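What follows is a set of notes on a single structure, which appears directly below.
The values are calculated or read from the model by the stated rules, or taken from the named source; none is laboratory data. Remember, it's a predicted structure, so these values are computed and weren't measured experimentally. All Cβ positions, glycine included, derive from the backbone under ideal geometry; neighbour counts span all protein chains shown.
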Amino acid sequence: MASRFRWPALDGLRAVAVTLVMVGHYAHVTIVGSLGVEMFYVISGFLITWLLLEDYNATGTIDKRAFWLRRTLRIFPAFYGFLIVNALVLAGTAAMPRAAFWAAAGTYTANYYVATHVEPSGALTHTWSLAVEEQFYLVWPLLLTVLLRGGRRTASLLLIGAMAFISVWRCFLAWVVGVPAHYLQFALDTRADFLAVGALVALNWGTPGTRLLAMRLTRRRWLAWLSIAVLAAVAVTFGRARAFEVSFAVNVLVFGAFLLQVLTLGGLSGWGFLDKPVMRWLGAISYSLYLYHYLAWIVVGWLVSDPLTRGILGAVLAVPTAALSYYGVERPFLRLRERIQPAVAPEKETGRSASIGPGPVAV
């Protein structure tokens, strides 16, 4: 039987992330939604790398076919079900996306479509981040297999080098090439360092250096709140100006520190809300909630014009819709996945392990 140990705090963090995305979309505050997406990336980079390392530690290699099969069963049913629902609901309305956008969403290339096309936000716009995740799932097992040949220390150093390169690459694109800011915002090659910093934490979790760093970052529990304050300040200062080449470079480092803080603090005083049942439940349905929240907002907008009322009713509609998708689509395929390819995640010395259950951008 597959072990189902979890880091409950990460489920709660997923709930926070999807809430930020919803607020960002409903209130048209891009910088808030962007922070939620970045949080998803860091969590996903950590958890996916953790699972791949479990496989590597147990067998000496990474079973890529098994990983991709599990990803397919985890992600595709809910996603393509969401696309069908969108097509049925939006058919014949002004909110119906263009055929090119449907093609991009359906092939998980929406990130580069949005990065290279200037279009109003629509029902499928948020699928760009799912495309980034899917491209990461496709490439990362191959890269990690190569990186681990030199050992974890070498892999970590190369990963740090890649993160530094991405920061330089963003500056080159913005300052030399002159690409528009929305390319920096949506393309995999300009956002991969958020996934990489989560992977870096997974690679080094439990090492003496990481333990020392985590201890210093959590010496005072308010330091985690300081990380949040820095993220907010950077978002307001640089995100509002769309100076993403600056804000992303800072946010990657702060999110890496914040992940260490959350993993270390867990359910301790001041952070126990992440372990509350309602937060864990919202974290469990967060993938479907991310999928359907924008469609719910559009549908409510056909009946309500007041922005605040529309946002509240959009959330009221989105949560049960996401729950229906989770219990009716995700859960059956999760059970099928476990029968076909059980995932074994032994308990760690912390008493918890990486979540192998549902994720925001699914894990």
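Of all residues being in a loop (DSSP other than H, G, I, E, B) and at pLDDT 95 or above in the stretch 261-302, which is nearest to Val42 (Cα to Cα)? Just the residue, please. So the residue we want is Ile285. In the stretch 132-148, the residue that is farthest from Gly60 (Cα to Cα) out of those that are more than 17 Å from the chain's Cα centre (by Cα) and without any contact (Cβ under 8 Å) to a residue 60 or more places away in the chain is Leu143. Elements of the type helices (runs of 4 or more DSSP H) sitting completely within the stretch 120-221 and holding at least 1 residues that are more than 20 Å from Phe255 (Cβ to Cβ): these cover 127-147, 152-171, 181-186, 208-217.
One residue alone among Val32, Val118 is farther than 20 Å from Ser325 by Cβ, surrounded by fewer than 16 Cβ atoms within 10 Å (Cβ to Cβ), out of contact with any Cys (no Cβ under 7 Å at 6 or more places or on another chain) and touching a residue at least 40 places away in the same chain (Cβ under 8 Å), and that residue is Val118. So, of the residues in the stretch 174-184 that are modelled with pLDDT of 95 or more and within 17 Å of Gly239 (Cβ to Cβ), which turns out to be surrounded by the most Cβ atoms within 10 Å (Cβ to Cβ)? Looking at residues that are modelled with pLDDT of 95 or more and within 17 Å of Gly239 (Cβ to Cβ), I get Leu184. Quick check, is Thr93 surrounded by 19 or more Cβ atoms within 10 Å (Cβ to Cβ) and either assigned to a loop (DSSP other than H, G, I, E, B) or more than 22 Å from the chain's Cα centre (by Cα) (or both)? Here the answer is no, as Thr93 does not meet what is asked.
Looking across Leu263, Leu291, one residue alone is surrounded by fewer than 23 Cβ atoms within 10 Å (Cβ to Cβ) and either touching a residue at least 12 places away in the same chain (Cβ under 8 Å) or touching a helix residue (DSSP H, G or I) at 6+ places or on another chain (Cβ under 6 Å) (or both). It is Leu263. Per the listing Val236, Val201, Val230, the residue uniquely more than 23 Å from Leu144 (Cβ to Cβ), surrounded by 14 or more Cβ atoms within 10 Å (Cβ to Cβ), of a type outside the set (Asp, Glu) and in contact with a helix residue (DSSP H, G or I) (Cβ under 8 Å, 6 or more places away or on another chain) is Val230.
Just to check your reading of the model, which residue among Ser129, Ser121 is closer than 26 Å to Thr190 by Cβ, over 19 Å from the mean Cα position of the chain (by Cα) and small (Gly, Ala, Ser)? After ruling out the rest, the residue left standing is Ser121. Just so you know, in the stretch 60-84 the residues that are of a type in the set (A, V, I, L, M) and part of a helix (DSSP H, G or I) include one that is nearest to Arg335 (Cα to Cα), and it is Leu73.
Considering the conditions (1) in contact with a helix residue (DSSP H, G or I) (Cβ under 8 Å, 6 or more places away or on another chain); (2) not in a helix (DSSP H, G or I), Ser305 is excluded by exactly one of them, (1).
Identify all residues within the stretch 241-260 that are among the small types (Gly, Ala, Ser), assigned to a helix (DSSP H, G or I) and free of Cβ contacts under 8 Å to residues at least 24 places away in the same chain; write none if there are none. Give the steps one after another, and end with the answer.
Residues of the stretch 241-260 among the small types (Gly, Ala, Ser): 241, 243, 247, 249, 256-257.
If we keep only those that are assigned to a helix (DSSP H, G or I) too, we end up with 247, 249, 256-257.
Within the stretch 241-260, just Ser247 meets the criteria.
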